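What follows is a single structure, written as structure tokens, with notes after it.
The values are calculated or read from the model by the stated rules, or taken from the named source; none is laboratory data. Just so it is clear, the structure is predicted and the values come from calculations on it, not from any experiment. So basically every Cβ, Gly included, is an ideal-geometry build from the backbone, and we count neighbours across all protein chains shown.
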Amino acid sequence: MARDNSAVKPTEAELTLLNVLWQIGPATVRQIHEAVSTSQRTGYTTVLKILQIMHEKSLVIRDESNRAHVYAAANSEMHTQSSLIKDLISKAFGGSTSKLVMRAIDESTSAQEIDDIRQLLNSLEK
């Protein structure tokens, strides 16, 4: 029976690989390993094992039609981020989106980010 992957939260290592897949699209283990290796030291077999676990958890899909399997994210970046944020709001902020936003916005928030947030709020009010 297929697992409901919307309930599965990716680990930090899994998110690293998902970010690569969202950036470059469907890729082989070698391509994913090369992309990850630009920012951190990770072995090829480690990347392979994490992808296999992610496939079991339905976080990625795998095309086995060629000798080198091609992996792709099972869900979009936006879908995954929304799921993680909903979980964080529920667990850490008592279900309050405003508490999350107030904690996230501080003196390190750039003027451009504040302008982007203001535009988003204005569009939501319309």
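Summed over segment 32-62, the residues that are in contact with a helix residue (DSSP H, G or I) (Cβ under 7 Å, 6 or more places away or on another chain) and either small (Gly, Ala, Ser) or at pLDDT 95 or above (or both) give a count of 13.
Looking across segment 42-91 at every residue that is free of Cβ contacts under 8 Å to residues at least 40 places away in the same chain and of a type in the set (Lys, Arg), the one that is farthest from Val29 (Cα to Cα) is identified as Lys91.
Of the residues that make up segment 32-51, is at least one in contact with a strand residue (DSSP E or B) (Cβ under 9 Å, 6 or more places away or on another chain) and either closer than 30 Å to Ser90 by Cβ or of a type in the set (Lys, Arg) (or both)? Scanning segment 32-51 turns up at least one residue that is in contact with a strand residue (DSSP E or B) (Cβ under 9 Å, 6 or more places away or on another chain) and either closer than 30 Å to Ser90 by Cβ or of a type in the set (Lys, Arg) (or both). The sole residue among Ala72, Ala111, Ala104, Ala92 that is touching a strand residue (DSSP E or B) at 6+ places or on another chain (Cβ under 7 Å) and not aromatic (Phe, Trp, Tyr) is Ala72. Kindly indicate whether any position in segment 18-37 is in the same structural domain as Ile117 (by TED's automatic domain parsing), in contact (Cβ under 8 Å) with a residue 60 or more places away in the chain, surrounded by 15 or more Cβ atoms within 10 Å (Cβ to Cβ) and assigned to a helix (DSSP H, G or I). Looking for residues that are in the same structural domain as Ile117 (by TED's automatic domain parsing), in contact (Cβ under 8 Å) with a residue 60 or more places away in the chain, surrounded by 15 or more Cβ atoms within 10 Å (Cβ to Cβ) and assigned to a helix (DSSP H, G or I), one finds none in segment 18-37, hence no.
Whenever a residue of segment 92-121 is small (Gly, Ala, Ser), its partners that are at pLDDT 95 or above and in a helix (DSSP H, G or I), lying with C-beta atoms within less than 8 angstrom and at least six residues away or across chains, give the pairs Gly95/Ile89; Ser96/Ile89.
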